[in-house]
Each structure stands twice: as C-alpha cells, then as structure tokens.
Amino acid sequence: MSKTKKILFILLGSFVLIVSSILVFAATKPDTFRVERSMIIPAPPEALHTIISDFRTWDQWSPWEKLDPNMKKTFAGPVSGPGSSYAWEGNDDVGKGKMEILDSRQYESITIKLEFIEPFPVSNTTQFSFAPVEGGTKVTWAMYGNSPYISKLFSVFMDMDAMIGKDFDNGLQNLKNLLAK
C-alpha cells in the first residue's frame with residue numbers, strides 16, 4: 001500500500017470513528033429535557049397571572065416578540081385561560097408556531113402547549129408558576145418535553161439550557177420592568 005493510500009485510510013478511519021462517537025454519545029443523552037429560570041418580581045401573583053395568561057400582552061415582555069416586528073399574529077379562543085391560543089409566522093428568527101393554554105390555576109400556574117412548525121416541527125410544554133414570597137412573587141418559567149434523537153444530536157453541539165435560559169431570563173426581566181412602571 002502506498003504512503004498516500006495509508007494516509008487516506010487513516011484519515012477516513014479517523015473521520016468514521018469521530019462521527020460514530022458523536023452519534024453514540026448523542027444516543028446516550030436523556031430522553032427528556034427541562035429548562036427553567038426563576039426571578040422574584042415585586043408584584044402580586046394576580047398581576048403576573050393576568051399579564052402572562054393573555055397572549056395579547058406578550059408583545060410587552062416576551063423576548064421573541066422583538067425579533068420580528070412584522071410577525072403575523074393570530075389570536076383565537078377566549079382572551080385568557082384554557083383554550084386561548086396564539087399562532088405566529090415570521091422571519092427565520094421566530095419561524096412559525098402556535099401556543100395554547102392547557103391549564104390555568106388562578107394566581108398559581110399557567111401551562112401552555114408550545115408547537116413549533118417551522119423551521120422544524122417540535123412540541124413542548126411551557127409552564128409559569130407563581131409563589132408569593134417576601135418582596136413580591138417568585139415566578140418560575142419552565143419548558144420541558146421529549147428529546148427525540150435529532151434533538152439529542154443538536155445538544156452535543158449546542159447548550160439548549162444556556163440558549164433558552166438566556167431568553168427566559170430576559171423575559172422575566174422584561175416582566176419585572178413592565179410591572180415596575
């Protein structure tokens with residue numbers, strides 16, 4: 001075997017080994033995920049629940065609303081509470097998707113089904129919970145769901161907790177600023 005063929009064989013073998021290792025490592029990732037952030041906001045649970053349970057107010061605090069000012073929005077169902085829904089379609093930063101409130105426990109929690117349609121279909125659950133504490137309300141914003149293999153593969157290269165968590169932190173800070181007015 002010539003020296004060139006040996007080098008190509010070693011390079012090809014190394015490439016196959018690296019790709020195989022990544023694929024196997026991705027398969028060992030958890031089958032579910034959860035991203036969660038909390039912040040104490042100096043406001044009563046009632047005020048927070050009212051704002052978050054009405055999708056029409058999300059443009060005042062949601063970090064994703066500012067990514068596409070021309071985003072097409074459609075609201076359906078009741079103004080708030082179970083059955084209230086919000087669909088959007090926008091640029092590559094926001095894609096296309098829909099949210100629907102599944103459960104709303106007055107001043108305690110809001111559970112939302114979150115469906116992304118584009119750039120790729122995925123469905124998760126988002127939950128806001130409210131706990132009265134000294135100085136206001138501890139608001140916890142969480143997203144959780146299943147991790148199909150493709151999501152596990154992406155997680156090898158991207159830290160979903162850091163990416164989504166940063167947006168949750170920004171959204172909670174926006175809520176805090178909004179209610180401080």
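Within the stretch 13-44, take every residue that is among the β-branched types (V, I, T) and within 24 Å of the chain's Cα centre (by Cα) and give me the one that is surrounded by the fewest Cβ atoms within 10 Å (Cβ to Cβ).
Residue satisfying both the conditions and the ranking: T28.
For (1) surrounded by fewer than 17 Cβ atoms within 10 Å (Cβ to Cβ); (2) of a type outside the set (G, A, S); (3) more than 13 Å from the chain's Cα centre (by Cα), each residue gets a yes or a no:
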| position | (1), (2), (3) |
| --- | --- |
| T74 | yes, yes, yes |
| P78 | yes, yes, yes |
| S84 | no, no, yes |
| I101 | no, yes, yes |
| S104 | no, no, yes |
| I110 | no, yes, yes |
| E115 | yes, yes, no |
| F128 | no, yes, no |
| V133 | yes, yes, yes |
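Would you be able to tell me the number of residues in the stretch 1-17 that are part of a helix (DSSP H, G or I) and farther than 28 Å from F154 by Cα?
7
May I ask you to say which residue of L172, L179 is within 15 Å of the chain's Cα centre (by Cα), part of a helix (DSSP H, G or I) and more than 19 Å from T32 (Cβ to Cβ)?
Within the list L172, L179, the selection yields L172.
Would you check if E89 is buried (at least 17 other Cβ atoms within 10 Å of the Cβ), over 19 Å from L172 (Cβ atoms) and of a type in the set (D, E, K, R)?
It is false that E89 is buried (at least 17 other Cβ atoms within 10 Å of the Cβ), over 19 Å from L172 (Cβ atoms) and of a type in the set (D, E, K, R).
Determine which single condition I164 fails, assuming it passes every other condition in (1) more than 27 Å from A43 (Cβ to Cβ); (2) at pLDDT below 95; (3) β-branched (V, I, T).
(1)
Is one or more of the residues making up the stretch 57-68 modelled with pLDDT under 90 and of a type in the set (A, V, I, L, M, F, W, C)?
Yes, some residue in the stretch 57-68 is modelled with pLDDT under 90 and of a type in the set (A, V, I, L, M, F, W, C).
Kindly provide the set of residues from the stretch 18-46 that are in contact with a Ser or Thr (Cβ under 8 Å, 6 or more places away or on another chain), part of a strand (DSSP E or B) and under 21 Å from S104 (Cβ atoms), ordered by number.
E36, R37, S38, I41
Condition test on D167, is it among the acidic types (D, E), in the same structural domain as I101 (by TED's automatic domain parsing) and surrounded by 15 or more Cβ atoms within 10 Å (Cβ to Cβ)?
yes
The values are calculated or read from the model by the stated rules, or taken from the named source; none is laboratory data. The structure displayed is predicted, hence computed values, not measured ones. A quick note on method: Cβ atoms are made from the backbone with ideal geometry, for glycine too, and the neighbour counts reach across all protein chains shown.
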